[in-house]
Amino acid sequence: MTVIEKQYMDSVININRMMRKAQDSEPDWEQRRYEIAKDMMTALINNPDVAASVACGPKPTEGVPVTLAKISLEFADALVAGLKKTQEKK
């Protein structure tokens with residue numbers, strides 16, 4: 001076995017160990033919440049019907065961006081709660 005092959009095998013073994021550790025650890029729920037809220041915010045902004053209903057609905061006291069952000073966080077919190085329940089059942 002050449003030096004390059006040995007280095008490659010060592011790298012593969014280390015990557016495998018890291019992946020096993022990652023699978024055994026608890027997910028970073030705050031990071032997931034952020035990612036979900038960010039995606040929801042993008043989806044809400046890109047949907048003209050939703051943006052218009054928020055803008056034309058009852059006068060939001062904070063303004064449209066803050067209202068959309070709060071809606072995004074509510075969706076994210078609900079999804080994270082569901083994911084946590086699913087993980088606890090395992």
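Here, each number is a calculation from the coordinates, and none is a lab measurement. Because the structure is predicted, anything quoted here is derived from the model rather than measured. Positions of Cβ are backbone-derived with ideal geometry, glycine not excepted, and every protein chain shown enters the neighbour counts.
Tabulated data for the structure shown
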item: Dipole of the stretch 27-89, positive direction: furthest Cα of ASN47, GLN87, TRP29, with charges on the beta-carbon; result: GLN87
item: Tail weight of P(r) past 18 Å, computed on alpha-carbon pairs of the chain, percent; result: 63
item: Pair ASN47, THR2: separation of 7 Å Cα→Cβ label points (nm); result: 5.5
item: Theoretical FRET efficiency, 1/(1+(r/R0)^6), r = Cβ-Cβ of GLN23 and ALA78, R0 30 Å, to 0.05; result: 0.75
